[in-house]
Amino acid sequence: MLTVYAFSTPNSVKVPIALEELGLPYDLRPVNIRKGEQKAEGYVTLNPNAKVPLLVDGDLTLPESGAILVHLAEKTGRLLPTDPAARARTFEWLFFQLSASGPAFGQSGYWQKLATDRNEAAIARYQAEADRVADVMDAHLARNEWFAGDAYTIADIAHFGWAWRREFAGVSFDNRPNLARWYAGMEARPAVQRGIAATLALA
């Protein structure tokens, strides 16, 4: 049995979705970040970075959503192509999510909705960056069914988290038809629906 520590966040939802897609049993345990539970001594012992999600797989304790997705894909031999070019493309878009869209969407939402002092320069900067990366994603999906090409992979699961919470970042799909098409395809997947439901139950 795999154990997942998570909350109802864009990064957390990736893990239950992947586990549901892979058909792996798991125990989902809440870490309420609104109450600061991620900073509790017992949790920090497991994850010194004090973030969610966190996966415990036997003797392996693994934080970071991207690393968790790669581990699960390699553990099962699914959701990650074996062909070198397709595998590289999957990692390209996984890393794009982790280094570009995730931080941009997160910062955009923080400065617009959570910051105690309104900073117009920060709002403008991160909203522009969130829109820029969304445009890059939309253009890519105009030429590809999924982020890695023809195959559904962990890159799609990674991107779903912040697409699911795009309103927080002030990002719209109204003028991004390819992102909208991709998102609808993701949202229609039964495993994605189960992963969302499990994640929302943590709030």
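Please treat every number below as a calculation from the coordinates, not as lab data. Model, not experiment: these values are computed from the prediction. For neighbour counting, all protein chains shown are included, and Cβ atoms are generated from backbone atoms with ideal geometry for every residue, glycine included.
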Within the chain, helix-based [θ] at 222 nm, where runs of 4 or more DSSP H residues each add -39,500 (n - 2.57), nearest 500: -16000 deg cm²/dmol
How much net charge surrounds LEU19 when only other residues with a Cβ under 12 Å from its Cβ are counted (Lys, Arg +1; Asp, Glu -1)? 0
For the stretch 43-137, alpha-carbon Rg over 2.2 N^0.38 Å: 1.36
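What are the semi-axes of the equivalent ellipsoid for the stretch 75-182, taken as the square roots of 5 times the Cα gyration tensor eigenvalues, largest first, in whole Å?
Sorted largest first and rounded, they come to 28, 14, 11 Å.
I need the GluC sites (Glu not before Pro) found in the stretch 94-203, filtered to DSSP loop residues with at most 11 other beta carbons within 10 Å of theirs.
Counting only loop positions with at most 11 other Cβ atoms within 10 Å, none of the GluC sites (Glu not before Pro) in the stretch 94-203 qualifies.
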Backbone HN-Hα couplings from phi across the stretch 63-76 [Karplus 6.51/-1.76/1.60, Hz, Gly and Pro as x]: x, 6, 4, x, 5, 5, 4, 5, 4, 5, 5, 6, 5, 9
Of [x] 25, 24, 14; [y] 25, 18, 16; [z] 34, 18, 16, which one was derived for semi-axes √(5λ) of the Cα gyration tensor in Å from the structure shown? [x]
Could you size up the charge dipole of the chain around its Cα centre, putting +1 on the beta carbon of Lys and Arg and -1 on that of Asp and Glu, and report it in debye to the nearest 20? 300
